[in-house]
1. From 61, 84, 127, which residue is out of contact with any strand residue (DSSP E or B) (no Cβ under 6 Å at 6 or more places or on another chain) and either of a type in the set (S, T, N, Q) or loosely packed, with under 13 Cβ neighbours inside 10 Å (or both)?
2. Out of region 40-98, which residues are part of a helix (DSSP H, G or I) and of a type in the set (Gly, Ala, Ser)?
3. Cβ-Cβ below 8 Å, separation at least six or inter-chain, first residue in region 4-16 and within 7 Å of residue 37 (Cβ to Cβ), second in a helix (DSSP H, G or I): which pairs?
4. Could you list, ordered by first residue, the pairs with Cβ atoms under 8 Å in which the first is in region 39-64 and over 18 Å from residue 16 (Cα atoms) and the second is open to solvent by 90 Å² or more (accessible area, probe 1.4 Å) and among the hydroxyl-bearing types (Ser, Thr, Tyr), at least 6 apart or interchain?
5. What number goes with the only condition from (1) part of a loop (DSSP other than H, G, I, E, B); (2) β-branched (Val, Ile, Thr); (3) in contact (Cβ under 8 Å) with a residue 40 or more places away in the chain that residue 126 does not pass?
6. Return the only residue of 106, 64 being at pLDDT 95 or above and of a type in the set (Gly, Ala, Ser).
7. Give region 1-29 a look and list any residue that's at pLDDT 95 or above, in contact with a Lys or Arg (Cβ under 8 Å, 6 or more places away or on another chain) and open to solvent by 80 Å² or more (accessible area, probe 1.4 Å), or say none.
8. Which residue out of 119, 93 is open to solvent by 100 Å² or more (accessible area, probe 1.4 Å), more than 30 Å from residue 10 (Cβ to Cβ) and touching a residue at least 24 places away in the same chain (Cβ under 8 Å)?
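The values are calculated or read from the model by the stated rules, or taken from the named source; none is laboratory data. In this text the structure is predicted, and so the values were computed from the model without any measurement. Reconstructed Cβ throughout: ideal geometry from the backbone, glycine too, with neighbour counts over all protein chains shown. These accessible areas exclude ligands, DNA and RNA; they are computed on the full protein's heavy atoms, side chains included. Shrake-Rupley method; radii C 1.70, N 1.55, O 1.52, S 1.80 Å.
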Amino acid sequence: LNFAFNKNEKNNILETEALIYKIIGKLSHKRTRRNVTEIRVCSKRWVEFFKYIAGSGAVHKKLSREILVLPFKKQWEMIKTYIKGDGNLYTRRANNTPTNRINTASRDLAIQIQEILARGGLFASIKKDNRLLPNKK
C-alpha cells in the first residue's frame, strides 16, 4: 500500500506514518525521490480494503456504495482529507471568497464528490482539464 506526497508536505507525511502504525500496527517505509516522498506498508488486507472502498488506478477511482450511503458529516471528513491531499484553497481575486478545489483524473469520482457535496447543500462545479489527459495522436 503506497501513499505519495510532495516531499515538502512534512506534516501530512508524519500524520500518515502515525496513522498507519496506529491502525495497522506496522511500521511504514519511507522513500524520497526527486520531489516525491512515498510511504509504503506491506499489507494485503489493507490493499484489498482500499481497492474495495475506492478502486485502483487514478482514472478508475470510484467510491464504494458503503461510502456513498454514509451520513454527510462522515463524508465531509473524507472530503476535507481529500482536499488536504489532492486539493487546495484557491482565491481568484483578493476580495473573493476562497474556494476549495479537488483534483482527480477520475470522472466517476468527480461526479460522486459533487453528489456528496450537493447532499450537504454545497454547490460544486466540475472542470475538465485537457492538459492532464494523455496525448492521443
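1. None of the other options fit; the residue is 127.
2. Within region 40-98, 54, 58, 85 qualify.
3. Within 8 Å, the pairs are 5/12; 5/13; 5/16; 5/85.
4. Close Cβ pairs (under 8 Å, with a partner that is open to solvent by 90 Å² or more (accessible area, probe 1.4 Å) and among the hydroxyl-bearing types (Ser, Thr, Tyr)) amount to 64/52.
5. Among (1) part of a loop (DSSP other than H, G, I, E, B); (2) β-branched (Val, Ile, Thr); (3) in contact (Cβ under 8 Å) with a residue 40 or more places away in the chain, the lone unmet condition for residue 126 is (3).
6. Matching residue, one of 106, 64: 64.
7. Within region 1-29, just 29 meets the criteria.
8. Of the residues listed, the single one that is open to solvent by 100 Å² or more (accessible area, probe 1.4 Å), more than 30 Å from residue 10 (Cβ to Cβ) and touching a residue at least 24 places away in the same chain (Cβ under 8 Å) is 119.
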